[in-house]
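The values are calculated or read from the model by the stated rules, or taken from the named source; none is laboratory data. Because the structure is predicted, anything quoted here is derived from the model rather than measured. Don't worry about glycine lacking a Cβ; one is built from the backbone with ideal geometry, like all the others, and counts go over all protein chains shown. The accessibility values were calculated without ligands, DNA or RNA, using every heavy atom of the protein model including side chains. Shrake-Rupley method; radii C 1.70, N 1.55, O 1.52, S 1.80 Å.
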Amino acid sequence: MQSVLQSWAGLASHFIGECFDHSKPYIDRDFKGLDPLVRFVSAQLYIDCHLSSESVLLLILNQKEWDADLVARSVLEGSIKLVYMLHGGSDQQLRKADEFWNVLPLFSSIRHSERIHRLLGALNNPGDPQWIPFHDMLMTDEQISEIHARFSSKDRKKLEEAWSFAGISKWLSESQEPGLQKLANLAHGYGMSSHLLHKDADGVGMVWERYSRAPEAHDAVKLGHSARVVSDICSFAQLRLMSLLRASGQKTEIFSYLEKKYRLPLFDELSKASANFTKTEYGART
């Protein structure tokens with residue numbers, strides 16, 4: 001099993017690396033095809049998703065597919081936020097980049113400040129030097145009032161909902177573009193990984209059930225699970241690159257080249273592992 005996972009992780013790392021290399025000219029600071037703020041914000045989100053994708057593959061390599069699923073969940077969320085941000089005309093892109101980078105953090109700062117205020121209020125020694133970093137994150141009443149004056153409670157709620165995974169999924173499902181509509185199906189996997197993230201009974205139960213299986217069945221489902229995560233990471237890399245190329249007015253022939261190059265050594269093998277899992281898990285019903 002280890003040699004198989006090593007092959008998948010290594011090839012997938014090369015695949016997403018090629019996707020990233022092809023994106024570099026369009027996230028470079030000297031690229032003029034996007035508004036400077038849109039380019040900057042897109043670059044930071046793009047890079048962050050790529051770094052987390054590499055972390056996912058390292059976890060897969062070390063047979064930590066459940067934890068890999070958790071990090072992959074964040075890559076999924078970051079990737080569809082990039083799709084949402086880069087969709088539309090330049091004015092829409094600029095508005096959404098500003099919302100993501102400048103406006104939404106203001107709302108988060110208020111919540112952070114409120115939590116810190118409660119924390120310090122519960123301490124016997126809030127003036128101790130160890131709490132200086134927390135005091136530095138407190139907002140003044142004037143700062144909070146200024147934000148509230150700019151954005152009503154209704155406006156803040158609407159904007160946060162629009163940028164939530166549920167909000168973007170709704171936007172995708174209502175899109176008139178078939179390619180975007182299909183992305184709404186990612187909500188199922190996102191929801192399932194929520195059980196793992198929050199350690200609820202469903203999430204803990206899934207892990208327990210996996211380890212209670214006979215060795216052959218356990219190995220088949222473990223490889224199938226790992227194959228799905230690796231496949232997802234590759235798909236998210238393609239999705240990010242596609243969105244960036246389209247927003248930048250670039251051609252997309254690179255995808256045919258990458259698909260052909262990695263089909264036999266990687267994608268076909270991932271499909272075989274998935275098919276073997278299905279046969280093991282549902283053989284009597286197929």
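Points worth noting:
- Selected residue (criterion: farthest from L245 (Cα to Cα)) from residues of region 103-126 that are open to solvent by 70 Å² or more (accessible area, probe 1.4 Å) and of a type outside the set (A, V, I, L, M, F, W, C): N124
- Cross-chain or 6+ apart pairs with Cβ under 9 Å, region 227-247 first and open to solvent by less than 10 Å² (accessible area, probe 1.4 Å), then not in a helix (DSSP H, G or I): L241/T252; L244/L34; L244/Q250; L245/K251; L245/T252
- Test: residue in region 1-20 that is charged (D, E, K, R), in a helix (DSSP H, G or I) and surrounded by 15 or more Cβ atoms within 10 Å (Cβ to Cβ): yes
- If you go through region 230-260 and pick out every residue that is of a type in the set (D, E, K, R), under 25 Å from the mean Cα position of the chain (by Cα) and more than 22 Å from S55 (Cα to Cα), you end up with 4.
- Residue check, D48 within 26 Å of G189 (Cα to Cα), out of contact with any Asp or Glu (no Cβ under 7 Å at 6 or more places or on another chain) and open to solvent by 40 Å² or more (accessible area, probe 1.4 Å): yes
- Pick from region 60-96, criterion surrounded by fewer than 15 Cβ atoms within 10 Å (Cβ to Cβ), in a helix (DSSP H, G or I) and not charged (D, E, K, R), ranking: farthest from the chain's Cα centre (by Cα): S90
- Test for G33: is it free of Cβ contacts under 8 Å to residues at least 24 places away in the same chain and touching a Lys or Arg at 6+ places or on another chain (Cβ under 9 Å): no
- Matching entry among K260, K272 (being farther than 20 Å from H22 by Cβ, in a helix (DSSP H, G or I) and not small (G, A, S)): K272
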